1. Please report, in whole Å³, the volume per residue of the convex hull around the C-alpha atoms of region 150-225.
2. Over the Cα atoms of region 239-358, how large are the radius of gyration and the largest Cα-Cα distance (Dmax), in Å?
3. Regarding region 246-290, what is the average projected area of its C-alpha convex hull, in nm²?
4. Residues with beta-carbon under 14 Å from that of Glu270, excluding Glu270: net charge, scoring Lys, Arg +1 and Asp, Glu -1?
5. Can you tell me what the convex hull of the Cα atoms of region 220-303 projects to on average, as an area in nm²?
6. In whole angstrom, how far apart do the alpha carbon centroids of region 99-134 and region 355-419 sit?
7. Region 133-210: which chymotrypsin sites (Phe, Trp or Tyr not before Pro) are DSSP loop and have at most 12 other beta-carbon atoms within 10 angstrom?
8. So what's region 375-472 giving for Cα Rg divided by 2.2 N^0.38 Å, two decimals?
Amino acid sequence: MGFVLLRYWCRLICLIGLLFCHEATYSQGLIQRIETVLATDQWLQPGDRLQVRVQAQPGCQATFLGGKPLVELDPRLAKSQRGVYQGTYIVQPGDTLHDRAITVTVMAPDSTLATATTSNKIRFLNPNEPQLAVTKGSLAYLNYGLGEDRLGGAKLGYLDSLVVLHLTGRVGNLYRVQLAATQTAWVPQEVIRLLPPGGFVPTSLTGSWSVYGDSLYDYVQVPLDARLPYRSQLLTEPTRLVVDVFGATSNTNWITQRDGLQALGDVHYEQLEPDVFRLVLNLKHEQAWGYRIDYKGNTLVIRVKRPPAKLQLRGLTVAVDAGHGGTNVGATGSTGAREKDITLAIAQRLRQDLISRGARVLMTRETETTVDNGDRVLLLRRLNPDLLVSIHVNSTGSPSVQGTSTYYRYLAFRPLSVALYEAMRRTGLKGFGNVGSFNFGLNGPTEYPNALVETAFISNAEDEKRLIDPQFQQQIAEQLTKGVEEFLRRTRQKGVGGWLSKKAAEQ
Ligand SMILES: [Zn+2]
């Protein structure tokens, strides 16, 4: 309570002016501010660093955790501020702290004492009682680190539900996941359920694989003892799907490759680290068409999508996503034009154009409605399109920036975004570029090739004028259709190319 008052005072004083700040605060107390770095609730395990920063009267002695010293920084290291103290403590085995605030004691040269506590709470984890959790929901995912921006943290990948995770730390609403001895990731609170104490950190030997195809897909099945976390990458040159399973050690003594495989070429594995098992699935077609990873019981099932039999628009199922809608207006132009209206208008024209070429079209929205991006991804998962084009309108603070751009997340899906980009450039729009590793929800699905088209900048007067012109919208729609056709044509040319042709070249 006293600390709250102190902060209030400090804000008031800082309004009066920095010169008076030190003097006035001195009369109120020694400590102006205390925080942990990062300044949020944390779980730390032995070996982790607890970092504390205090703003107090210069020239004092400051301690935390019952006597551990904080060092007063040279003002050159503290944005010219005096009286900034910092301390680091490495959590030791056996340390206990259960969701407690951190208290700092400051002693002035005249021996006056003051204490203050952080508003956030810290827990020291006991590694002898591993904290486990399971993933929940249909869109659980892991992040690489603690980053955040309008697209969210950079995603390492999606996980099925009920995957068991070993949590070894927490920063705010993100939990650190120990994937393997040397690998960690972060998982948001909302996609996990904490398990009660007493569980074992999951590990598994891998069983022998079954590799087979049915009338629609090729599959790889790997029996495990538990639903372990995994990550995957769809790579090119040669085209292959690489899946790492964490906590798994090989006892795969054979890999049965049955008849009927169409997309899978050679498959094998390597034990990358004692607790990282890597599946390498070579794909027959140079253009990969996507995949999905699920658990059936505790068996890991990798389902590989085959390229459409006829690589032509006729008979192809194309998903068209009109960005935003309803309460989600998107960007707005200087004339008042709204992104949600423009994307819908272009999407409807694109649908018409695709249908006229014999394609089946699935729309994520057909009207002026609010549809959450997560719901769009789940809808598309159910509808299972052959490919997806998501339509948006770009915007930036600099009105001179203009042009069209396309976006992909996974390297293997880049060719679709390149073909769409080239098509969009033919409308006469300037080129803003082709952007990869794009952490956008509708670029997230691995199940089918997908691309985001940021048609043009609504924040640029010239681009906006074109975006709201029905004739130009029609031109965009027609070019996007041509872009999809060009992608199909190029894929046809590559044919059963990547892995097989490289095998042939080697012989
Ligand atoms: Zn948008």
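1. On the way: hull volume 12.0 nm³, N = 76.
Normalising the Cα hull of region 150-225 by residue number yields 158 Å³.
2. Rg then Dmax for region 239-358, in Å: 21.6, 67.
3. Values: hull surface 15.9 nm².
One quarter of the hull surface, i.e. the mean projection, equals 4.0 nm².
4. On the way: positive: Arg240, Arg278; negative: Asp244, Asp266, Glu273, Asp275.
Result for the neighbourhood of Glu270: -2.
5. Working: hull surface 21.7 nm².
The directionally averaged projection comes out at 5.4 nm².
6. Centre-to-centre distance over Cα atoms comes out at 47 Å.
7. On the way: sites: Tyr141, Tyr144, Tyr158, Tyr175, Trp186, Phe200, Trp209; in loops: Tyr144, Phe200.
Filter output for region 133-210: Phe200.
8. Values: Rg = 13.9 Å, N = 98, 2.2 N^0.38 = 12.6 Å.
Computed over Cα atoms of region 375-472, the ratio equals 1.11.
The values are calculated or read from the model by the stated rules, or taken from the named source; none is laboratory data. All values derive from a computational prediction rather than experimental measurement. No Cβ is skipped: glycine too gets one built from the backbone with ideal geometry, and neighbour counts run over all protein chains shown. Calculation scope for accessible area: heavy atoms of the full protein, side chains included, ligands and nucleic acids excluded. Shrake-Rupley method; radii C 1.70, N 1.55, O 1.52, S 1.80 Å.
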